[in-house]
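Just so it is clear, none of the values below were taken in a lab; they were calculated from the coordinates. Note that the structure is a prediction, hence the values are computed from the model and not measured. Glycine gets a Cβ as well: all are built from the backbone with ideal geometry, and neighbour counts include every protein chain shown.
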Amino acid sequence: MTQRHIRLNVNGQPREGDASPRKLLVDFLREDLGLTGTHAGCEHGVCGACTVVFDGEAVRSCLLFAVQAEGAAISTVESLADGETLHVLQQSFHECHALQCGFCTPGILMSMSVFLSECPAPTEQQVREALSGTLCRCTGYQNIVRAVQLAATRLAATRLAATRLAAK
């Protein structure tokens, strides 16, 4: 099969590589770009472990071919932390013990990052609905819900502080 050269922006960096037309985006990210934080779970778009942010939308990278990402901006779980400083979602997951084996965690973090940007003050029910697209076999989701709500509270406090600082 003929390889196609693709260029895309991944985690704020221009990246490129060759991929067969049938290579899945999740496999391209992991195998060709070395970004192994995105996990391949069911490979049918059901479990959500492979969720990445694609041009601002949370998507299942197992349902897209790498060639479909030509020119796209993609964020993976590796984009969340700033060096050794965890993203507020990651820190909240850590503090709330919101992970067990961790296999689904990257997908949850990416989908919740988009969710919180769209719904900055979610109710417990809204968080649970947003989480319904990801299967976690290790938890009862309670600590995950707590972590997302804690992150929402912290993000709101950060926005408020920034607004007050800008007003001065």
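Observations, loosely collected:
- Once the chain from Gln142 to Thr123 is taken as fully extended at 0.36 nm per residue, the excess over their C-alpha distance is 5.5 nm.
- Chain lengthening between His94 and His44 when straightened (0.36 nm per residue, less Cα-Cα): 15.1 nm
- In this label model, Thr158 and Leu63 are separated by 2.8 nm, measuring between points 7 Å along each Cα→Cβ vector.
- DSSP H segments from the chain that extend 18 Å or more along their own axis, Cα-based, with Kyte-Doolittle mean of 0.0 or above: 105-118, 142-167
- Choice from Glu124, Glu84, Glu57 showing the highest fluctuation, given a GNM over the chain with Cα pairs closer than 10 Å: Glu84
- Residue among Thr134, Thr38, Thr153 with the largest mean-square fluctuation in a Gaussian network model of the chain, springs linking Cα atoms under 10 Å: Thr153
- Three-way shape call for region 64-168 based on the alpha-carbon gyration tensor, with the a/c threshold at 1.5: oblate
- Euclidean distance of C-alpha centroids, region 3-21 and region 75-137, integer Å: 26
- Secondary-structure-derived ellipticity at 222 nm for the chain, considering helices only, amounts to -10500 deg cm²/dmol, per-run term -39500 (n - 2.57) for DSSP H runs with n ≥ 4.
- 3J(HN,Hα) along region 55-68: 6, x, 10, 6, 9, 7, 6, 7, 9, 10, 7, 4, 5, 6 Hz, from the Karplus curve 6.51 cos²θ - 1.76 cosθ + 1.60 with θ = phi - 60°, whole Hz, x for Gly and Pro.
- Relative contact order [Cα under 8 Å, 6+ residues apart], the chain, whole percent: 22
- Taking the Cα centre of the chain as origin and assigning +1 to Lys and Arg Cβ atoms and -1 to Asp and Glu Cβ atoms, the resulting dipole is close to 340 debye.
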